[in-house]
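Asks: Next up is a structure, given as structure tokens.
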Amino acid sequence: MSAATVVEPGSFRDPGGRVFKAGEAILRTVTDAAAANFNAANDSGVLRKLADSGKLVDFADVTGRAGEFGLETAKVVLSHPRIPFISYPYEWSFSLHKAAALAHLDLQIGLLGDGFTLSDATAYNVQFEGVKPVFIDHLSIRPYRDGEIWAGHRQFCMQFLNPLLMWSMLDLQPSAWFRGSLEGIAPEDLAKLIPLRKRFNLTVLTHVIAQAAMQKRSVNTSTGSQKYRQAKLPRNGFEGMLHGLRSAIAKLEVPSHRTVWGDYAHNTSYSSPEIEAKHRFVKEMVGAVKPDLLYDIGCNSGDYSLSALDAGAKSVVGFDFDQAALEVAYRRAKDGNLPYLPLWLDAANPSPSQGWGQAERMGFSGRAAPQALLALAFIHHIAIGRNVPLDMATDWLVSQAPTGVIEFPHKADPMVQTLLAQRDDIFPDYDKDVFARLLGERARIVKQVDVLPTRTLFWYDRG
């Protein structure tokens, strides 16, 4: 392998090939073990049809250049376009998770019509371009064998269906559970949470209760798993199961996510002139930088993410703790077909590097390299709401991107006072002048503007 070619740690699970980074290039190798299935799918035109329709990430055969990357032993080498930000299921909103589940089922249904199927059903094989789901694992596509059972059924339920059921039926956000159990939410665990009155739903009975019982039998008997492997599922039965799941998931409703910040856009201390001034300041920074990727931390419903796109940002990833706000941002991104991906983030406890070798799923920091940052009406949430010292909060924000805009709400601001309403004020250093000094020690302050007597915008640049 060339010194410039680095293996992607999270790709080790597939014996058919690995993913590599070589500068800006994303490469996938195909081993001898996977070559027959890959060639069958590629020669049939299925892969190209899916890529051209946007359902599968695009690819080009660069086997002739394998030596440039030190990958001469690979049977086939593919090149893929780079996805701006790799996200994980435990960072998805309800609507993102639902869109990913439906896209997976649509892909499987379409493949069956062409005589192919998927070898697994992991949610980690779905990524997003904006909020449009795209499948990224070409080696999971293989010829369908008549009568075979759905090998990925349990995995689909654990990583797609069960998180959605937990959200919609129990009004419980599954992100923390999923992050703590990277394989997903097992039916036997979810079954314990579902009350009796909700168990008589056909989807729950079939894919949660029955699966939990089957898993228990498999564990308790030596012949259970062998019988499962020997079972036959007619193709029409397979298709019926997929269509039934698709219909059930499509009907799941977004639960109420109302929180104190959920209607922030309609309950703010800004009036229209101040909002306009804030948008102008954001657009001035973005217009000067023209970032390929911008992070909007504390994006809420996406107002300023959209301003960043209008001003020349090629792609924006927004992050917020409030699921209700993320649902609004999702709808705006989808309706406008925008290169904007709103994700869930607890900034005081962001996604860590975890999985095998603590490298299989990359943590929040270092997963991408944004050229610019927005952190508007955000810093008080972690400095006061989560007791993070102001210097540490400033360090963290400035480390995310070389330039950006940080909004500092003064202690007298109504939103800050809301946070302080039910606790002692133990934050003597939470002050605009202290923040300006801290920021100036870490970066150059290009410009600052008071958009309200209690709100100041700072444009910083580390360069």
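Please treat every number below as a calculation from the coordinates, not as lab data. Since the structure is predicted, the reported quantities are computational estimates derived from the model, not experimental observations. Glycine also receives a Cβ, built like all others from the backbone with ideal geometry; neighbour counts cover every protein chain displayed.
Asks: Expressed as an acute angle from 0 to 90° and rounded to the nearest 10, what is the orientation of the C-alpha long axis of helix 210-220 relative to the principal long axis of the chain?
Replies: 70
Asks: Near the amide H of residue 117, under 5 Å away, which other amide H atoms are found, from residues 5 or more places off or on another chain, if H is placed in the peptide plane?
Replies: HN-HN under 5 Å from residue 117: 142, 144.
Asks: Then there is this: For residue 392 and residue 218 in one chain, what is 0.36 nm times their gap in residues minus the Cα-Cα distance, to one decimal in nm?
Replies: 57.6 nm is the gain from fully extending residue 392 to residue 218.
Asks: May I pose another question? From the square roots a ≥ b ≥ c of the eigenvalues of the alpha-carbon gyration tensor of segment 89-251, which class results: rounded (a/c under 1.5), prolate (a/b over b/c), or oblate?
Replies: Working: a/c = 1.58, a/b = 1.04, b/c = 1.52.
Note, shape of segment 89-251 comes out oblate.
Asks: Just from its helices, what would the mean residue ellipticity at 222 nm be for the chain, if runs of 4 or more DSSP H residues each count -39500 (n - 2.57) and the sum is divided by every residue, rounded to the nearest 500 deg cm²/dmol? Walk me through the intermediate numbers first.
Replies: On the way: 17 runs with 175 residues, N = 463.
Calculated mean residue ellipticity at 222 nm is -11000 deg cm²/dmol.
Asks: Between residue 87 and residues 5 or more places away or on another chain, which pairs have amide H atoms under 5 Å apart, with H built 1.01 Å from N, and which residues are they?
Replies: Here the answer is 128, since their amide H atoms fall under 5 Å of that of residue 87.
Asks: Between exposed GluC sites (Glu not before Pro) in the chain, where DSSP calls loop and at most 16 other Cβ atoms lie within 10 Å, what's the longest gap?
Replies: Details: sites that count: 24, 72, 148, 183, 253.
That gives 254-463 as the longest site-free run.
Asks: Across segment 52-68, in residue order, what do the Karplus-derived ³J(HN,Hα) couplings come to in whole Hz, using 6.51 cos²θ - 1.76 cosθ + 1.60 with θ = phi - 60° and x for Gly and Pro?
Replies: For segment 52-68, the Karplus curve yields 5, 8, x, 7, 10, 4, 5, 8, 9, 7, 10, 4, x, 10, 4, x, 5 Hz.
Asks: Among (i) 24.1; (ii) 22.0; (iii) 23.4, find the value of Kirkwood radius over Cα pairs in Å that was calculated from the structure presented, and write down its label.
Replies: (i)
Asks: Using modelled amide H (1.01 Å from N, peptide plane; none on Pro or chain starts), what sits under 5 Å from the amide H of residue 26, excluding residues fewer than 5 places away?
Replies: The list, which skips near neighbours in sequence, is 80.
Asks: Here's a follow-up. Give a residue-ordered list of calculated ³J(HN,Hα) values for segment 11-25 (Karplus: 6.51 cos²θ - 1.76 cosθ + 1.60, θ = phi - 60°; whole Hz; x for Gly, Pro).
Replies: 9, 6, 5, 8, x, x, x, 10, 10, 10, 10, 10, x, 8, 7
Asks: Can you sort 392, 214 from fewest to most other Cβ atoms within 10 Å of each residue's own Cβ?
Replies: Fewest-to-most Cβ neighbours within 10 Å comes out as 392, 214.
Asks: Another question, if that's okay. May I ask which residue of 157, 135, 30 lies farthest towards the positive end of the charge dipole of the chain, with charges of +1 (Lys, Arg) and -1 (Asp, Glu) on Cβ and the Cα centre as origin?
Replies: The listed residue farthest towards the positive side: 157.
Asks: Report the normalised scattering of segment 48-182 as log10 I(q)/I(0) at q = 0.13, 0.18 Å⁻¹, calculated by the Debye formula with identical scatterers on the alpha carbons.
Replies: -0.63, -1.07
Asks: Taking the Cβ of each residue in 315, 93, 79 as the centre, tally the other Cβ atoms inside 10 Å and list the residues starting with the fewest.
Replies: On the way: 315 21, 93 26, 79 17.
The fewest-first ordering by Cβ neighbours comes to 79, 315, 93.
Asks: Counting DSSP beta bridges with both partners in the chain, what percentage is antiparallel, nearest 5? Walk me through the numbers before you get to the answer.
Replies: On the way: 36 of 52 bridges.
Beta bridges within the chain, antiparallel portion: roughly 70 percent.
Asks: Once both axes come from the Cα atoms, what is the angle between helix 432-442 and the longest principal axis of the chain, in degrees from 0 to 90, rounded to 10?
Replies: Between the helix axis and the principal axis of the chain, the angle is about 60 degrees.
Asks: Kirkwood Rh and Cα-based Rg: tell me the resulting Rg over Rh for segment 264-461, rounded to two decimals.
Replies: Rounded to two decimals, Rg over Rh is 0.95.
Asks: Moving on. With +1 on the Cβ of every Lys and Arg and -1 on the Cβ of every Asp and Glu, and nothing else charged, how large is the dipole of the chain about its Cα centre, in debye rounded to the nearest 20?
Replies: Computed about the Cα centre, the dipole is about 1360 debye.
Asks: Quick one: 3J(HN,Hα) in Hz for segment 187-203, Karplus 6.51/-1.76/1.60 with θ = phi - 60°, rounded, Gly and Pro as x.
Replies: Couplings: x, 5, 7, 4, 4, 6, 8, 7, x, 4, 5, 9, 7, 8, 7, 4, 5 Hz.
Asks: Scan the chain and hand back the longest stretch that contains none of the trypsin sites (Lys or Arg not before Pro) lying in DSSP loops with at most 10 other Cβ atoms within 10 Å.
Replies: The segment 233-463 is the longest one with no such site.
Asks: Can you classify segment 5-80 as rounded, prolate or oblate using the Cα gyration tensor, where a ≥ b ≥ c are the square roots of its eigenvalues, rounded means a/c under 1.5, and otherwise it's prolate if a/b beats b/c and oblate if not? Can you show the working numbers first?
Replies: Working: a/c = 1.58, a/b = 1.36, b/c = 1.16.
Prolate shape, in that a/c is at least 1.5 and a/b is the bigger ratio.
Asks: If you don't mind, there's one more thing I want to ask. Got a sec? How would 317, 282, 254 order by Cβ neighbour count within 10 Å, fewest to most?
Replies: Going from least to most buried by this count: 254, 317, 282.
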